[in-house]
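The structure under discussion appears below in the form of structure tokens.
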Amino acid sequence: MSQTPAKATIYDVAERAGVSISTVSLAVNTPHRVRTETRERIVAAAAALGYRMTSDGRSGVSRIAVAAPYTSYPTYLRRMAGMLRRARSAAVDLVPYDLDSAASATAPLLESLPARADVAGLIMMGVPLGGAALRASRAARLPLAFVDIVRPARSGASSVLVDDLAGGRMLGAHLRELGHRRVAFVHEVQRSQGYVSAGMLRADGMTEQLQLLPVASAGPDRVEADALRSAVAKGVTAFVANHDRLAAAVLKAVSGTPELADTTVTGYDDGELAEALQLTTVRQPFEETGRVALESVLERIADPSRAASRTVLEPTLVVRASSRPASARPA
């Protein structure tokens, strides 16, 4: 009775090609890191042995889910870009999941893990996990990292934050130096108070320096001129938008409303949009937050006993032409 030939493994391929198994893994997952002749030798060995690594079972590859409100806030794509750069030098598959904005939800806590059974780690950006999902992640011993989310107590998750309280203080101090005392904070309505958002922290930082008047926007990139006029009638001399897309909408409304002309407008995030608009803003190290978050998950995949980490990165104030002294506003 004939026996079924043993199925070839990555070890067989490595032995036949005269390389290590890590080199075989690199040749499949990050081929640009393997010399052409070595890669061709590995491919030939795999073909001779009938060995094929599929996308659902690639040896040495960690599949990590990355969930965020990408379509609501494109800045999360910049965080993902930092992860992608880091993933070039590791056997990692990043699986994106698009979520609804936390600000628009009455109950933003995500109660089910947005991950398949074969996911080795999870990175959550901008939308908190609820108790059920946290318990599920702990039961599954799933390495978890939060980005742009204040980490719940006893979550067992790593976290990467930008110091938004400090960012608010920077903006507040800058505007106070220009003579502003009462400013409007233009932001989307946060429908749930069940979590601490970045906007809440920025507002807290500014109130240490200034009197703050909340102004609700009509969306992530829409603001009504009437709301801005009403704020100015209440003594506001500057508008601080919660992010640069919203600041762009404020600038558009200001430029089209004569009585708002020359009003100071600032944003938060920094990037090509802010530079093009000459917008004073607070620069966030987006790509760095993504890289650090992925590193933290990879470290815990490699060593499950490793403790969760907490990283806080510093923002930077970038002053441009949209900042003006309070006295520059016409009466």
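The values are calculated or read from the model by the stated rules, or taken from the named source; none is laboratory data. Source: prediction; values computed, not measured. Don't worry about glycine lacking a Cβ; one is built from the backbone with ideal geometry, like all the others, and counts go over all protein chains shown.
Tabulated results
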read-out	value
Pairs with Cβ under 8 Å, 6+ apart, first in region 75-96 and at positive phi, second outside any helix (DSSP H, G or I)	none
Selection status of Val265, hydrophobic (A, V, I, L, M, F, W, C), at pLDDT 95 or above and in the same structural domain as Ala231 (by TED's automatic domain parsing)	yes
Residue in region 225-233 that is among the acidic types (Asp, Glu), farther than 21 Å from Leu165 by Cα and either assigned to a helix (DSSP H, G or I) or touching a strand residue (DSSP E or B) at 6+ places or on another chain (Cβ under 9 Å) (or both) present	yes
Some residue of region 268-275 being free of Cβ contacts under 8 Å to residues at least 12 places away in the same chain and outside the structural domain of Leu171 (by TED's automatic domain parsing)	no
Check on Arg181, surrounded by 14 or more Cβ atoms within 10 Å (Cβ to Cβ), of a type in the set (Lys, Arg) and over 25 Å from the mean Cα position of the chain (by Cα)	yes
Matching residues in region 45-67 - criterion: being at pLDDT 80 or above and of a type outside the set (A, V, I, L, M)	Arg63
Hits in region 195-220 - residues which are surrounded by fewer than 16 Cβ atoms within 10 Å (Cβ to Cβ), small (Gly, Ala, Ser) and not in a strand (DSSP E or B)	Ala218
Considering residues of region 1-44 that are part of a loop (DSSP other than H, G, I, E, B) and under 24 Å from Asp93 (Cβ atoms) only, the residue modelled with the highest pLDDT	Val19
Filtered residues of region 234-243 (kept if in a loop (DSSP other than H, G, I, E, B) and crowded, with 20+ Cβ neighbours inside 10 Å)	Val236, Thr237, Asn242, His243
Entirely in region 68-187, the helices (runs of 4 or more DSSP H) that have 1 or more residues that are modelled with pLDDT of 85 or more and not β-branched (Val, Ile, Thr)	75-87, 164-177
Lone unmet requirement of (1) assigned to a strand (DSSP E or B); (2) at pLDDT below 90; (3) hydroxyl-bearing (Ser, Thr, Tyr) for Ser192	(1)
Count of region 264-288 residues which are over 18 Å from Val186 (Cβ atoms) and hydrophobic (A, V, I, L, M, F, W, C)	2
Residues located in region 275-307, provided they are over 15 Å from the mean Cα position of the chain (by Cα) and within 19 Å of Asp163 (Cβ to Cβ)	Thr280, Thr281, Val282
Hits in region 248-270 (condition: under 16 Å from Val319 (Cα atoms) and part of a helix (DSSP H, G or I))	Ala248, Leu251
Subset of region 251-269 [closer than 30 Å to Leu161 by Cβ and not charged (D, E, K, R)]	Leu251, Thr264, Val265, Thr266, Gly267, Tyr268
Some residue of region 160-169 being farther than 30 Å from Met83 by Cβ and touching a residue at least 40 places away in the same chain (Cβ under 8 Å)	no
Evaluation of Ser322 against (1) at pLDDT below 95; (2) closer than 23 Å to Gln209 by Cβ (one fails), failing number	(1)
